[in-house]
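In what follows, a structure is listed as structure tokens, so that the remarks can point back to it.
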Amino acid sequence: MTNESNSKPNWSHLAWAVGGAIAGSWLARKQIEESKKSRAELESPKEAEEAYGEIGELLDEWEPDPNCESEDDFTQDLADYLEAHTDWEVEVCPDTPEGQPDILIGDLIALELKINPSKSERDRCIGQCAGYSRLWITWMVIIDAPSSKIGRLEELLKDKRLEHILVWNFT
């Protein structure tokens with residue numbers, strides 16, 4: 001007679017391998033997430049998180065002035081709104097080593113604003129935002145673009161591994 005305990009397969013080595021693969025995958029994802037963080041998020045995580053939440057809520061509530069016509073009008077309207085509703089420093093078109101974001105908030109969040117951008121404007125905006133995202137949390141503020149265009153923009157950002165750049169659409 002054979003011993004029953006010897007005839008059953010031992011799967012413990014497989015459990016260790018699967019556990020190791022899961023841990024390795026988790027660690028790789030964490031490293032990728034960390035590599036996408038801006039310098040502001042890495043150097044001032046608490047302030048960056050506070051600004052992210054507060055400015056995100058304010059953008060949700062912002063209603064552009066119906067008299068705005070140009071990108072400069074919308075940028076100034078948004079900057080005025082933010083200055084009136086937050087204690088964070090709001091700068092319009094500051095000169096920085098990475099270029100000139102339309103709005104810089106607390107040296108933590110860069111906003112780039114475009115009105116229904118054409119393909120070339122969209123591509124330029126992505127390039128600008130990719131550069132800004134090295135230093136700051138970076139968001140695109142898009143005015144009067146159809147939802148389909150916003151969806152394609154978000155897909156393009158994801159394809160380029162820039163999904164950390166959020167898109168705010170105002171119609």
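Cβ-Cβ under 7 Å, sequence separation 6+ or interchain: first residue in segment 74-99 and in a helix (DSSP H, G or I), partner open to solvent by 30 Å² or more (accessible area, probe 1.4 Å) and among the acidic types (Asp, Glu). Which pairs?
Note: pairs meeting the criteria are ASP77/ASP65.
Could you say which residue among GLU89, GLU121 is within 16 Å of ALA40 (Cβ to Cβ) and either touching a strand residue (DSSP E or B) at 6+ places or on another chain (Cβ under 8 Å) or hydrophobic (A, V, I, L, M, F, W, C) (or both)?
On the way: GLU121 fails: within 16 Å of ALA40 (Cβ to Cβ).
Just one listed residue meets the conditions, GLU89.
Go through (1) open to solvent by less than 60 Å² (accessible area, probe 1.4 Å); (2) in contact with a Lys or Arg (Cβ under 8 Å, 6 or more places away or on another chain) and name the single condition GLY127 misses.
Among (1) open to solvent by less than 60 Å² (accessible area, probe 1.4 Å); (2) in contact with a Lys or Arg (Cβ under 8 Å, 6 or more places away or on another chain), the lone unmet condition for GLY127 is (2).
Would it be correct to say that ILE143 is closer than 27 Å to LEU42 by Cβ and open to solvent by less than 30 Å² (accessible area, probe 1.4 Å)? Before you say what the answer is, go through the steps one by one.
Working: closer than 27 Å to LEU42 by Cβ: no; open to solvent by less than 30 Å² (accessible area, probe 1.4 Å): yes.
No: the conditions fail for ILE143.
Scan segment 77-122 for residues that are closer than 26 Å to ARG39 by Cα, open to solvent by 20 Å² or more (accessible area, probe 1.4 Å) and of a type in the set (S, T, N, Q) and jot them down.
Residues satisfying the conditions are THR96, GLN100.
Would you say ALA48 is without any contact (Cβ under 8 Å) to a residue 60 or more places away in the chain and either outside any loop (DSSP other than H, G, I, E, B) or surrounded by fewer than 17 Cβ atoms within 10 Å (Cβ to Cβ) (or both)? Full working, then the answer.
On the way: without any contact (Cβ under 8 Å) to a residue 60 or more places away in the chain: no; either outside any loop (DSSP other than H, G, I, E, B) or surrounded by fewer than 17 Cβ atoms within 10 Å (Cβ to Cβ) (or both): yes.
Against the criterion (without any contact (Cβ under 8 Å) to a residue 60 or more places away in the chain and either outside any loop (DSSP other than H, G, I, E, B) or surrounded by fewer than 17 Cβ atoms within 10 Å (Cβ to Cβ) (or both)), ALA48 does not qualify.
For the structure I just gave you, tell me whether GLY56 is modelled with pLDDT of 95 or more, touching a Phe, Trp or Tyr at 6+ places or on another chain (Cβ under 9 Å), on the phi > 0 side of the Ramachandran plot and of a type outside the set (Asp, Glu).
Answer is no for this residue.
The values are calculated or read from the model by the stated rules, or taken from the named source; none is laboratory data. Nothing here was measured: the structure is a model prediction, and the numbers come from that model. Every residue, glycine among them, receives a Cβ derived from its backbone with ideal geometry; neighbour counts consider all protein chains shown. We work out accessible area using only protein heavy atoms, side chains counted, and drop any ligands, DNA or RNA first. Shrake-Rupley method; radii C 1.70, N 1.55, O 1.52, S 1.80 Å.
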